[in-house]
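What follows is one structure encoded as structure tokens, with my remarks underneath.
The values are calculated or read from the model by the stated rules, or taken from the named source; none is laboratory data. Treat the numbers as computed from the prediction; the structure is a model and nothing was measured. Backbone-built Cβ (ideal geometry, glycine too); neighbour counts: all protein chains shown.
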Amino acid sequence: MTDLLLQYTPISLDEMSGIRLMNRIDTKFLTTRLRLEELLQRAKDDYFIQEVDGMRNMPYFTLYYDTPECDMYIMHQNGKKTRQKIRIRSYLNSGINYLEVKNKNNRGRTKKKRIKIEQRHISHSASIDFLNHYSRYKISLLSPTLETQFDRITLVNKNKTERLTIDTNLRFNNYITGETLLLDRIAIIELKRNGNVFSPIKDILNQLRIHPAKFSKYCMGMVLTNDNLKQNRFKCRVQTMKKLNIID
């Protein structure tokens with residue numbers, strides 16, 4: 001896949017600064033690594049690829065926080081449309097960390113607030129002030145729950161109206177159960193845009209029969225590494241992953 005990514009025209013972080021899409025509509029798609037390569041081949045004339053220090057497939061680390069009762073997970077499991085996630089996102093190649101609060105409203109729009117932090121924890125005063133302002137949950141109840149690592153490709157359409165992120169080599173580490181899991185056959189595609197603007201990738205996805213599929217890394221990581229959680233809402237997604245031969 002490395003040779004395929006080199007066929008794309010690169011775009012720098014500075015050039016992408018105007019495409020932040022912090023208030024956006026997200027649509028996710030689930031497919032296999034093999035089908036992903038076909039998609040990348042077809043999309044290369046319509047998209048730039050983000051390049052940082054010569055890298056086009058960047059390693060990411062995310063640490064999710066939750067309450068002892070896993071309230072943020074349960075909100076999703078119970079089908080609540082208005083919900084929140086709290087996480088630390090780390091860009092491993094640059095060493096930059098952000099504390100983020102993601103809110104989804106009942107119209108399906110995602111709003112994200114974040115601040116840069118020095119280390120991967122929320123004990124310092126700036127983090128606490130930030131969470132006091134934006135978190136729905138008491139800080140004293142929050143603790144690390146699930147760690148994820150993955151590699152991300154970021155594409156930007158030539159009109160610079162949308163971003164497409166593609167995550168592979170997904171790894172989970174559950175802080176509650178101690179269970180770990182590697183999903184090296186999966187590709188998670190996420191289309192991020194402000195409203196229903198034209199998207200070149202939509203036609204390609206349709207041609208390849210890659211359809212929208214809800215997939216929360218946090219929730220699926222919890223489901224696949226903690227059998228004790230209520231998980232009725234996610235059983236169909238687990239079955240979809242089995243049909244695609246993503247998990248055994």
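Results, tabulated for the structure shown:
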quantity	calculated
Residue within the range 161-179 that is hydrophobic (A, V, I, L, M, F, W, C) and surrounded by fewer than 12 Cβ atoms within 10 Å (Cβ to Cβ) present	no
Checklist (1) modelled with pLDDT under 95; (2) among the β-branched types (Val, Ile, Thr); (3) within 16 Å of TYR64 (Cα to Cα) applied to THR161, failing item	(3)
Output for the range 49-70, where each listed residue is under 30 Å from ILE201 (Cβ atoms), surrounded by 21 or more Cβ atoms within 10 Å (Cβ to Cβ) and of a type in the set (Ser, Thr, Tyr)	TYR64
Residue within the range 106-116 that is in a strand (DSSP E or B), modelled with pLDDT under 90, under 20 Å from the mean Cα position of the chain (by Cα) and surrounded by fewer than 16 Cβ atoms within 10 Å (Cβ to Cβ) present	yes
Unmet criterion (only one of (1) free of Cβ contacts under 8 Å to residues at least 60 places away in the same chain; (2) touching a Gly at 6+ places or on another chain (Cβ under 9 Å)) for ARG233	(1)
Criterion (at pLDDT below 95, in contact with a strand residue (DSSP E or B) (Cβ under 7 Å, 6 or more places away or on another chain) and either acidic (Asp, Glu) or farther than 30 Å from LYS81 by Cα (or both)) met by exactly one of LEU34, LEU13, LEU21	LEU13
All positions within the range 161-186 that are touching a strand residue (DSSP E or B) at 6+ places or on another chain (Cβ under 8 Å) and assigned to a loop (DSSP other than H, G, I, E, B)	THR161, TYR175, ILE176, GLU179, ASP184, ARG185
Flag for TYR73 being surrounded by 17 or more Cβ atoms within 10 Å (Cβ to Cβ), in contact with an Asp or Glu (Cβ under 9 Å, 6 or more places away or on another chain) and not in a helix (DSSP H, G or I)	no
Candidate set: the range 25-58, residues that are of a type in the set (Asp, Glu) and more than 17 Å from ILE210 (Cβ to Cβ); chosen: the one nearest to the chain's Cα centre (by Cα)	GLU51
Residues satisfying the stated conditions in the range 121-142, i.e. polar (S, T, N, Q) and either farther than 16 Å from TYR98 by Cβ or not in a helix (DSSP H, G or I) (or both)	SER123, SER125, ASN132, SER135, SER140
Tabulated pairs, the range 56-81, first in contact (Cβ under 8 Å) with a residue 24 or more places away in the chain and farther than 18 Å from PRO144 by Cβ, second aliphatic (A, V, I, L, M) and in a strand (DSSP E or B), C-beta under 7 angstrom, 6+ apart or interchain	ARG56/ILE49; ARG56/ILE153; ASN57/ILE153; MET58/VAL52
Conditions (1) out of contact with any helix residue (DSSP H, G or I) (no Cβ under 8 Å at 6 or more places or on another chain); (2) within 24 Å of ARG233 (Cα to Cα); (3) touching a residue at least 12 places away in the same chain (Cβ under 8 Å): number failed by VAL197	(2)
Among the candidates TYR137, TYR91, residue that is of a type in the set (Phe, Trp, Tyr), over 30 Å from GLN239 (Cα atoms) and under 19 Å from the mean Cα position of the chain (by Cα)	TYR91
The one condition in (1) closer than 21 Å to PRO59 by Cα; (2) loosely packed, with under 13 Cβ neighbours inside 10 Å; (3) of a type outside the set (Asp, Glu); (4) without any contact (Cβ under 8 Å) to a residue 40 or more places away in the chain that SER90 fails to fulfil	(2)
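Yes/no per residue for (1) closer than 19 Å to THR31 by Cβ; (2) in contact (Cβ under 8 Å) with a residue 24 or more places away in the chain; (3) not in a loop (DSSP other than H, G, I, E, B):
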{"site": "ILE188", "(1), (2), (3)": "yes, yes, yes"}
{"site": "ILE201", "(1), (2), (3)": "yes, yes, yes"}
{"site": "MET222", "(1), (2), (3)": "no, yes, yes"}
{"site": "ILE247", "(1), (2), (3)": "yes, yes, no"}
